[in-house]
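Some notes on the structure that comes next.
Nothing in this text is a laboratory measurement; each read-out follows from the coordinates by a stated rule. Just so we're clear, the structure is a prediction, and the values are computed from it rather than from any experiment. As a convention, Cβ positions derive from the backbone with ideal geometry for all residues, glycine included, and neighbour counts pool all protein chains shown.
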Amino acid sequence: MAGIEIAPSVLPADFARLGDEVAALEAAGVDRIQWDVMDGQFVPNLTFGPDVIAAARPFASVPFEAHLMVLHPERMAEAYVRAGCQRLIVHVEACTHLHRTLTQITSLGATAAVALNPATPAAAVAQVLDLVDLVLVMTVNPGFGGQKYISTMEAKVREVRAMLDAAGLAKVDVEVDGGVGPATVAGAVRAGANVLVAGSALYRDPKGLTHAVADLRKRAESAATTH
Ligand code: DX5
């Protein structure tokens, strides 16, 4: 299994100070930062345009990834790459021509990744695994932070990991997003996830972001060695 990565969601951050917030996340020891891009159509919420991400880009050196919870992600892909996102994650449910869209993202110089909503089977991405560097298994229904982790998704994490390994794609990461925290991270990692998106769990830690990131990483790495 590839190494554990902590990829915080900026959804719970102070939107009035996003530059300082991404700097604080980097200082807290995260591996990358995930921007939850929402269009109010694919999900019932509206968040970050490319200009917002571009404004925050200079404040951190860790990679940015855009989780595009949007319809027609192919229309905005170039703008998010130009804004400074090294990885774009598109939803299989939002793409009429997923194979073409993933190829388009790679042609833009970013790495391509695909996300699955809770009701979408792993088989939906079977034909594009060779085009991605990560598969995101959503552990909540997308649109909001602070939701309850859907533990039945661990079976899908296991299935995706097995599909990747069977295809000789051990280098492709499996990411989980939604309700990931101290009480749920071990189950996700034991199922095969190695990139962990967390928002609420990091920001609600009374000991602060650095403690929260280190604690989540420690729990994940411990689970990885025992699974
Ligand atoms: C989808 C969003 C959330 C967020 C993390 O709704 O992508 O999953 O990133 O949410 P929490 O607060 O559950 O970690």
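Please give every one of the lysines within straight-line cross-link reach of residue 156, meaning a C-alpha to C-alpha distance under 30 Å, and leave out same-chain neighbours fewer than 8 residues apart.
148, 171, 218
Please work out the Cα convex hull volume for the chain and give it in Å³ per residue. Don't skip to the end; give the middle numbers.
Working: hull volume 24.2 nm³, N = 227.
With only Cα atoms used, the chain gives 107 Å³ per residue.
Output wanted: per-residue J couplings in Hz (rounded whole) for the range 141-146, from phi through Karplus 6.51 cos²θ - 1.76 cosθ + 1.60, θ = phi - 60°, x for Gly and Pro.
7, x, x, 8, x, x
So what's the net charge close to residue 71: Lys and Arg +1, Asp and Glu -1, counting the other residues with Cβ under 15 Å from its Cβ?
-2
Would you mind classifying the range 126-189 by shape? Square roots of the alpha carbon gyration tensor eigenvalues, ordered a ≥ b ≥ c; an a/c under 1.5 is rounded, otherwise it is prolate if a/b is larger than b/c and oblate if not.
Here the range 126-189 falls in the prolate category.
What does the charge add up to near residue 134, with Lys and Arg as +1, Asp and Glu as -1, over the other residues with Cβ less than 14 Å from its Cβ? Before the final figure, lay out each step's value.
Details: positive: 32, 87, 161, 171; negative: 5, 31, 65, 130, 133, 173, 175, 177.
Around residue 134, the charge tally is -4.
Share of antiparallel DSSP beta bridges in the range 5-225, in percent to the nearest 5?
Looking only at bridges with both residues in the range 5-225, the antiparallel portion is about 5 percent.
Report the gain in length on full extension from residue 186 to residue 210: 0.36 nm times residue separation, minus Cα-Cα distance, nm rounded to one decimal.
This chain segment gains 6.7 nm when fully extended.
Could you pull out the chymotrypsin sites (Phe, Trp or Tyr not before Pro) across the range 32-72 that fall in loop regions by DSSP (anything but H, G, I, E, B) with no more than 14 other Cβ atoms inside 10 Å?
none
Is the shape of the range 1-121 best called rounded, prolate or oblate, per the rule: a/c under 1.5 gives rounded, else a/b larger than b/c gives prolate, else oblate, with a ≥ b ≥ c the square roots of the Cα gyration tensor eigenvalues?
prolate
Just report the Cα centroid separation between the range 171-227 and the range 19-67, whole Å.
19
Loop only by DSSP, 14 or fewer other Cβ within 10 Å of the Cβ. Give me the trypsin sites (Lys or Arg not before Pro) in the range 118-227 that pass, ordered by residue number.
Those satisfying the criteria are 148, 171, 204, 207.
What size of dipole, in debye to the nearest 20, comes out for the range 100-196 about its Cα centre when the only charges are +1 on Lys and Arg C-beta atoms and -1 on Asp and Glu C-beta atoms? Write out the running numbers ahead of the final one.
Numbers: 7 positive and 8 negative charges, 30 e Å.
Computed about the Cα centre, the dipole is about 140 debye.
Please get the size of the charge dipole for the chain, origin at its Cα centre, with Cβ charges of +1 on Lys and Arg and -1 on Asp and Glu, quoted in debye to the nearest 20.
Dipole of the chain, to the nearest 20 debye: 300 debye.
Would you calculate, for the chain, the mean residue ellipticity at 222 nm contributed by helices, counting each DSSP H stretch of 4 or more residues as -39,500 (n - 2.57) and dividing by all residues, to the nearest 500?
Details: 8 runs with 76 residues, N = 227.
So the calculated ellipticity at 222 nm is -9500 deg cm²/dmol.
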